[in-house]
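The values are calculated or read from the model by the stated rules, or taken from the named source; none is laboratory data. Because the structure is predicted, anything quoted here is derived from the model rather than measured. For neighbour counting, all protein chains shown are included, and Cβ atoms are generated from backbone atoms with ideal geometry for every residue, glycine included. Note: areas computed on protein heavy atoms with side chains; ligands, DNA, RNA excluded. Shrake-Rupley method; radii C 1.70, N 1.55, O 1.52, S 1.80 Å.
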Amino acid sequence: MTGDGWAAVAVGDSDTSVYRRDGVFAKCCSTDGVRDLRGERDRAEWLAGTGLPAATVVDWLESSDGACLITSAVPGVAGTDLPPAVHTRAMQSLGRTLRDLHSLPDCPFDRPLASVIGTAEDVVRRGAVNPQFLTDEWRLLEPAELLAQVVAERPYVETGAELAVCHGDACLPNVFFDPESLAVTGLIDVGRLGIADPYSDLALITIQLHDEWSADPEPFLRAYGVPEPDRRRLEFYRLLDPLTWG
Ligand SMILES: Nc1ncnc2c1ncn2[C@@H]1O[C@H](COP(=O)(O)OP(=O)(O)OP(=O)(O)O)[C@@H](O)[C@H]1O
Ligand SMILES: [Mg+2]
């Protein structure tokens, strides 16, 4: 899709390709990915309609080769590009925005734990776990053993989970901020958005704040409203997530 002024965007680990031109981004996939990309389109449309900061869907192109989702470029900069001096304020802002997301009513999309674990089982069975997504400690074990840990913890996590609208891939490259006010300007990459345990988002964000920003996530958790999170639940979703990509 390069040419015609489209520039390839280098970041991204998924099977889709992302391009930029003027004020829009195009996320493109081959036929295998059309179902998922259509799902992302529907979620992006829904999220934009809630009034939370998000990209709007500008166009959808589909052919026998695949599909392209065109979205408006959200303003601001990705969380990964913020300087350390503003990290605390950005964490407070992110905490409030995530709380707003988790408080939205009437979401038509669902991301049940059973299907997420099903995805992990498939990735592990195919030997497709990406070791780069694992910690040193996890790399000492076989992916099947990691999956067994997840399965063993499932009853604990499923008991008492209070479900909410979750982003599903809540990481710093997927959250944009106004570099001055630190307000969140856009939640993007919403292909996994749906009703789930809010801890699935809290787990990914807090580990990213630690790994990417070397930050204590306390200001984020306080602004979110859970200053003392359930660590066992966080650990569960941290381990599950890397088993679902591949
Ligand atoms: N609407 C948008 N506004 C601003 N930036 C965007 C937008 N869409 C995509 N981008 C940029 O392109 C990058 C890749 O897009 P996106 O995250 O949707 O794709 P992805 O293939 O799922 O990537 P990843 O595997 O990193 O999650 C984003 O991290 C962001 O920098
Ligand atoms: Mg992304």
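For this structure, a couple of remarks:
- The set of residues in the range 10-66 that are touching a residue at least 12 places away in the same chain (Cβ under 8 Å), assigned to a loop (DSSP other than H, G, I, E, B) and closer than 23 Å to Thr97 by Cβ comprises Val11, Gly23, Thr50, Leu52, Pro53, Ala55, Thr56.
- Options Ala144, Ala170, Ala164: the member that is in contact (Cβ under 8 Å) with a residue 12 or more places away in the chain and either touching a Gly at 6+ places or on another chain (Cβ under 8 Å) or within 16 Å of ligand 2 (Cβ to nearest atom) (or both): Ala170
- Residues of the range 80-97 classified as open to solvent by less than 30 Å² (accessible area, probe 1.4 Å) and either outside the structural domain of Gly191 (by TED's automatic domain parsing) or part of a loop (DSSP other than H, G, I, E, B) (or both), total: 1
- Number of the exception - Leu134 against (1) within 15 Å of ligand 2 (Cβ to nearest atom); (2) within 21 Å of Trp245 (Cα to Cα); (3) open to solvent by less than 60 Å² (accessible area, probe 1.4 Å): (1)
- Residues satisfying the stated conditions in the range 149-181, i.e. open to solvent by 60 Å² or more (accessible area, probe 1.4 Å), aliphatic (A, V, I, L, M) and farther than 30 Å from Arg89 by Cα: Val151, Ala152
Table: residues versus (1) more than 16 Å from ligand 2 (Cβ to nearest atom); (2) surrounded by fewer than 16 Cβ atoms within 10 Å (Cβ to Cβ); (3) of a type in the set (A, V, I, L, M).
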| residue | (1), (2), (3) |
| --- | --- |
| Arg38 | yes, no, no |
| Gly51 | yes, yes, no |
| Glu62 | yes, yes, no |
| Thr71 | no, no, no |
| Pro75 | yes, yes, no |
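- Filter pass, Asp22 being open to solvent by 40 Å² or more (accessible area, probe 1.4 Å), within 20 Å of Asp201 (Cβ to Cβ) and outside the structural domain of Ala203 (by TED's automatic domain parsing): no
- The residues of the range 67-87 include none that are touching a residue at least 12 places away in the same chain (Cβ under 8 Å) and among the charged types (D, E, K, R).
- Inclusion of Asp216 among residues that are within 16 Å of ligand 1 (Cβ to nearest atom), free of Cβ contacts under 8 Å to residues at least 12 places away in the same chain and loosely packed, with under 15 Cβ neighbours inside 10 Å is not warranted.
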